[in-house]
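A.B. asks: Here's a structure for you.
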Amino acid sequence: MEQLVIETKNLSKIYEGAVEVRAVDNVDLQIQNGEFTAIVGPSGSGKTTLLNMIGGLDRPTSGSIRVNGVELSGMRENELIDFRLRHIGFVFQSYNLIPVLTARENTEFIMLMQNVDKALRNERVEKLLSEVGLSDKMDSRPSQLSGGQQQRVAVARALASKPDFVLADEPTANLDSKSTANLLDIMARLNRDEGTTFIFSTHDQRVIDRARRVITLVDGKIVSDEQR
Amino acid sequence: MNLQIKLAWRNLWRNKRRTLITMASVFFAVILATLMMSIKEGMYGVMTESMVASYTGFVQVHAKGYWEDKSLDEAFLVSDSMTSVFEQDPDLTGYVSRIESFALSATETTSKGAMVVGTDVTMEKHMTNLDERLVDGQYLEPGDDAVLLGAGLAEYHKVGVGDTIVLLGQGYHGTNAAGKYPIKGIVKFGSPDLSKRLVMLPIETAQTLFGTEGQVTNLVLLLDDADQAFEAAARLQPQLGEQLEVMDWHQLVPELVDMIEADRVEGYVFMFILYMVISFGIFGTVLMMLAERRHEFGVLVAVGMKRIRLASVVLIEVVTISLIGAFAGLLGAIPVCAYFFLNPVPIGGEETGQMMEDYGFEPVIQASMDASIFIQQASIVAIVACLLAIYPFINILRINAIQAMRS
């Protein structure tokens, strides 16, 4: 059964300055559970800003963001951090793994902060790293992994907390074709088999081609919303 | 907390060279500061030993006003009630009766002013181990009609054991005091100044010389623990009454106390400068660490790490670097200080040594192994580390994930 995960109403982000910039301009958006959605648009169109606000990393100038019915815009900073920890998975363009931790420890990291029981952590870490094809790299540090492998660890880390959805900001921007295809296969499988909701911001046509919904932003406004 | 400790520890070794250099700067600062303070305190110990423990004593009782005038006319009788007070005091183990005055010491060809001290030779031996300071001859027996001469004075008069010395001065209430005494022993005091001017004789003999008939000028109290001197003096004063004054060693030799205090302040200033330099070194490391890892901090906060938790990681890192450096520094300082404690170094150079002797101190450098010096240095480094950790701690508490990830 479809369930509304994200809902924004009149969401705007305005940067004041010599010239006022409307990075996100009155965006109304609804994302259902289990979607595999790409937010696309040219550079400066507001993709990352929109994603940051949905992820509780940035505050809107006006409008509202509800995640599973919870309003984010009024939350205090520490409440937002806690909300992100328990409800949102992040995958970043440049992987952003913790360099001093191994693949296993990076994946386990979020669960440690959630105080998940050790046995459960171990079980989930092994399952996730196996799903992203890195069972044999569990004890490798990020510096010992390729870019594609690091991004797969980042996906495993994002999923470790069993989030309501995963936000991926240009996840394939630094990957070669093979790694991109591999990563997309993994995320598509997780979306199909486990119903994980993925929202990407991307320029990458290969990602856009795999998305089941494509939202196009131009100058902070949604100019098209295509369901496939 | 395990997560923070694990992260902090691994982060420390991300840039091994920088961490080791920072630890090394703390290490050498602690060694230098500890050695400096240890030698200073050791020197104060030598000074105190030279002046106080080997002669003055930590607490003295005299008639009110005597210490200013040093007049034999202020001699007093030791009453039964006084001895009873001493016996009942928990910190006192006894007392040495003395009569002190000045006289001209003379031989056939030389003469020099001398400090003449009649003492209870048995108790004196017990308190100052005077018998162990003999460089020639024998120690006095009660009632001996003989004297011990300071080594410096003997050298001045060019006399030795078996020779005779004449003492000529003023006795009780203006009487003449004159006597001729054989030299039974030559004594070297901790204080070279004392060695140059002291003549000691049994108190009975001195009382006859000065005509004080059983009276004394000073009672030097023997304590179980020298640290109890101030409490003991304060406790005894009201019990002995207003006619007598009880003085602790800070009152007896204030010039020594002032000199030590002034020198100690100089040490603190040097130590402050040293730790300031080291603090800026550590702070530089902290700033570099913050700048390098700002993006990473942003990511950690973005994925849900509470900022207080993240700040505590950096706090642990700064404190660990400082404490490992400090601990290693203390471990390094202990054998160095122990060496200078066990092997006092004579102060070289005639002028410096002579100057110290003129001030009445033994011219040697000896370190102190007082645990408080080591604890003090460790505590200073711990406090400095905590103060230095405040900046990154607050900086991280204010971090904005988006801005940090853009950096």
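The values are calculated or read from the model by the stated rules, or taken from the named source; none is laboratory data. For clarity, every value in this text was computed on a predicted model and none was experimentally measured. Glycine gets a Cβ as well: all are built from the backbone with ideal geometry, and neighbour counts include every protein chain shown. Only protein heavy atoms, including side chains, enter the accessible area calculation; ligands, DNA and RNA are left aside. Shrake-Rupley method; radii C 1.70, N 1.55, O 1.52, S 1.80 Å.
A.B. asks: Sort all Cα-Cα distances of segment B:179-326 into consecutive 5 angstrom bins from zero, then give the percent of pairs in each bin up to the one containing the longest distance.
C.D. replies: In order of increasing distance, the bins hold 2, 6, 8, 9, 10, 9, 8, 6, 5, 5, 6, 6, 5, 4, 4, 3, 2, 1, 1, 0 percent.
A.B. asks: Okay, moving on. Could you tell me what fraction of 2.2 N^0.38 Å the Cα radius of gyration of the protein assembly as shown comes to, as a two-decimal ratio? It would help to have the intermediate numbers written out before the result.
C.D. replies: Values: Rg = 41.8 Å, N = 635, 2.2 N^0.38 = 25.6 Å.
Normalised Cα radius of gyration, the protein assembly as shown: 1.64.
A.B. asks: From the helices alone, meaning DSSP H stretches of at least four residues, give me the mean residue ellipticity at 222 nm for the protein assembly as shown, per-run term -39500 (n - 2.57), in deg cm²/dmol to the nearest 500.
C.D. replies: On the way: 23 runs with 308 residues, N = 635.
Calculated at 222 nm, the ellipticity per residue is -15500 deg cm²/dmol.
A.B. asks: Out of segment B:45-151, which trypsin sites (Lys or Arg not before Pro) are coil in DSSP terms and have no more than 15 other C-beta atoms within 10 Å? If you can, show how the numbers build up before the last one.
C.D. replies: Details: sites: B:Lys64, B:Lys70, B:Arg98, B:Lys112, B:Lys125, B:Arg133; in loops: B:Lys64, B:Lys70.
Listed in order of number, the matching sites are B:Lys64, B:Lys70.
A.B. asks: Checking the a/c ratio against 1.5 first, then a/b against b/c, what shape does the Cα gyration tensor give for segment B:65-241? List each step's numbers first, then the result.
C.D. replies: On the way: a/c = 2.14, a/b = 1.53, b/c = 1.39.
In terms of gyration-tensor shape, prolate.
A.B. asks: Other chains' Cβ within 10 Å of B:303-316 residues: what's the mean? The partial results should precede the final answer.
C.D. replies: On the way: counts 17, 18, 8, 6, 3, 1, 2, 1, 0, 0, 0, 0, 0, 0.
Counting other chains' Cβ atoms within 10 Å and averaging over B:303-316 gives 4.
A.B. asks: What are the GluC sites (Glu not before Pro) within segment B:188-234 that DSSP puts in a loop, where the Cβ has at most 13 other Cβ atoms within 10 Å? Working shown, then result.
C.D. replies: Values: sites: B:Glu204, B:Glu213, B:Glu231; in loops: B:Glu213.
Filter output for segment B:188-234: B:Glu213.
A.B. asks: Return the average number of partner chain Cβ atoms within 10 angstrom of each residue Cβ along peptide A:78-84.
C.D. replies: On the way: counts 3, 0, 3, 11, 2, 1, 6.
Shielding by partners across A:78-84 averages 4.
A.B. asks: Quick one: P(r) of chain A from all Cα-Cα pairs, 10 Å bins, percents rounded to integers, in order of increasing distance.
C.D. replies: The percentages, shortest bin first, are 8, 33, 36, 19, 3, 0.
A.B. asks: Using only the Cα atoms of chain B, what do you get for the radius of gyration and for Dmax, in Å?
C.D. replies: 30.4, 99
A.B. asks: If you don't mind, there's one more thing I want to ask. For the Cα atoms of chain B, what angle does the longest principal axis make with the long axis of helix B:229-240, in degrees from 0 to 90, nearest 10?
C.D. replies: 40
A.B. asks: Mean shadow of segment B:1-94, computed from the convex hull of its alpha carbons, in nm²? Mind showing how you got there, number by number?
C.D. replies: On the way: hull surface 51.9 nm².
So the Cα hull casts an average projection of 13.0 nm².
A.B. asks: Same structure, new question: Quantify, in whole percent, the carbon and sulfur part of the accessible surface of the protein assembly as shown (1.4 Å probe; protein heavy atoms only).
C.D. replies: Solvent-exposed carbon and sulfur of the protein assembly as shown make up 54 percent of the total.
A.B. asks: In the P(r) worked out for segment A:167-228, what percent of Cα pairs fall beyond 17 Å? Don't jump to the answer; show the numbers that get you there.
C.D. replies: Details: 764 of 1891 pairs.
Of all Cα-Cα pairs in segment A:167-228, 40 percent lie more than 17 Å apart.
A.B. asks: State, in angstrom, two size descriptors of segment B:101-202 derived from its alpha carbons: Rg to one decimal place and Dmax to the nearest whole number.
C.D. replies: 12.5, 36
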